[in-house]
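Report on the following structure.
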Amino acid sequence: MSQLTATPPASDQRQLEKLCVSIRGKLQFMDYLVRAAVADVDRFQDETDAGTRIFIRQLIEMHASNLAVECDNMRLVSEFCGTLESTLNSAPAPSGNGDAE
């Protein structure tokens, strides 16, 4: 097997997979928050009852607050990029068979 296509060490691979799953989950949750906030804004604009408008406003503020926290927590993307870079840097150099120019 070529050194270029060799799989990274198992621990690096597990770490990458773990980070991928976590990032996907966070992105899905952020997508949910954005969609919920937009839907609630539409409901807020159409609502005529003052009490219901207050409730919907609080929902929108909660979605926005959660979204801000999730954005702060996206350090996982940075960790993922760092792990990718580390994996690339730790990969052995290809054998000198003249393929690269």
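Data for the structure
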quantity	calculated
Where N is the number of residues in region 10-77, Cα Rg divided by 2.2 N^0.38 Å	1.52
For M62, solvent-accessible area (1.4 Å; no DNA, RNA or ligand), Å²	90 Å²
Local electrostatic count, A36, Cβ distance below 14 Å [Lys/Arg +1, Asp/Glu -1]	-2
Full-extension gain in nm, F44 to M74, via 0.36 nm per residue minus C-alpha separation	7.9 nm
Sum of side-chain charges, R53 neighbourhood, beta-carbon under 15 Å (Lys, Arg +1; Asp, Glu -1)	-4
Simple label model, 7 Å out from Cα along Cβ direction - Y32 to E17, nm	2.4 nm
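The values are calculated or read from the model by the stated rules, or taken from the named source; none is laboratory data. Since the structure is predicted, the reported quantities are computational estimates derived from the model, not experimental observations. In this analysis, Cβ positions are derived from the backbone assuming ideal geometry, glycine residues included, and neighbour counts consider all displayed protein chains. Only protein heavy atoms, including side chains, enter the accessible area calculation; ligands, DNA and RNA are left aside. Shrake-Rupley method; radii C 1.70, N 1.55, O 1.52, S 1.80 Å.
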